[in-house]
1. Determine whether the stretch 48-62 contains at least one residue that is farther than 17 Å from Glu10 by Cβ and modelled with pLDDT of 95 or more.
2. From the set of residues in the stretch 15-53 that are charged (D, E, K, R) and not in a loop (DSSP other than H, G, I, E, B), which is surrounded by the most Cβ atoms within 10 Å (Cβ to Cβ)?
3. Here's a check for you: in the stretch 75-95, which residue that is charged (D, E, K, R) and more than 11 Å from the chain's Cα centre (by Cα) is farthest from Leu49 (Cα to Cα)?
4. I'm trying to understand the selection: among the residues of the stretch 60-87, which are in contact with a Pro (Cβ under 8 Å, 6 or more places away or on another chain) and surrounded by fewer than 20 Cβ atoms within 10 Å (Cβ to Cβ)?
5. Which condition number in (1) closer than 17 Å to Gly78 by Cα; (2) part of a strand (DSSP E or B); (3) not aliphatic (A, V, I, L, M) is the one that Asp63 fails?
6. Among all residue pairs at least 6 apart or on different chains, which show Cβ distances below 8 Å where the first residue, located in the stretch 69-95, is small (Gly, Ala, Ser) and the second is assigned to a helix (DSSP H, G or I)?
7. Looking at the stretch 4-14, is at least one residue modelled with pLDDT under 95 and surrounded by fewer than 16 Cβ atoms within 10 Å (Cβ to Cβ)?
8. Of Ala56, Ala46, which residue is more than 17 Å from Pro17 (Cβ to Cβ), touching a residue at least 12 places away in the same chain (Cβ under 8 Å) and touching a Gly at 6+ places or on another chain (Cβ under 9 Å)?
Amino acid sequence: MSTTTTLTAESRPGLSPHVRLKQDRARGGWVLLGPERVLMLDDLAAEVLGLCDSAASIGDMADVLAGRHSAPRAEVLGDVIEMLQNLHDKGLLIV
């Protein structure tokens, strides 16, 4: 039986041990490298993943991003949780 973790503002995600965030100059952007997969990232996704250090909570990340982009924190928080939940469900993040 598998269990699913639901991420919240208090969750402290980090990249799974086998996953790397890397700037790929050949492709002209950021990529998330996992076993047998490469995900092309837009700049904002790369910025979010750059904050995933297992120390900062998702709420902390939302505060930083909302400030940097002059965006409503609640909207940023929802978007960040949704993105990170998707990556967590694929085994690319740990909490």
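The values are calculated or read from the model by the stated rules, or taken from the named source; none is laboratory data. Note that this is a predicted model, so its numbers are computed, not measured. Ideal geometry is used to build each Cβ from the backbone, glycine not excepted, and the neighbour counts take in all protein chains shown.
1. Yes, there is a match, as at least one residue in the stretch 48-62 is farther than 17 Å from Glu10 by Cβ and modelled with pLDDT of 95 or more.
2. Among them, the one singled out is Glu47.
3. In this case the residue turns out to be Glu75.
4. Within the stretch 60-87, Ala66 is the sole residue that qualifies.
5. Unmet condition: (2).
6. Matching pairs, first to second residue: Ala71/Leu65.
7. Yes, there is a match, as at least one residue in the stretch 4-14 is modelled with pLDDT under 95 and surrounded by fewer than 16 Cβ atoms within 10 Å (Cβ to Cβ).
8. Ala46
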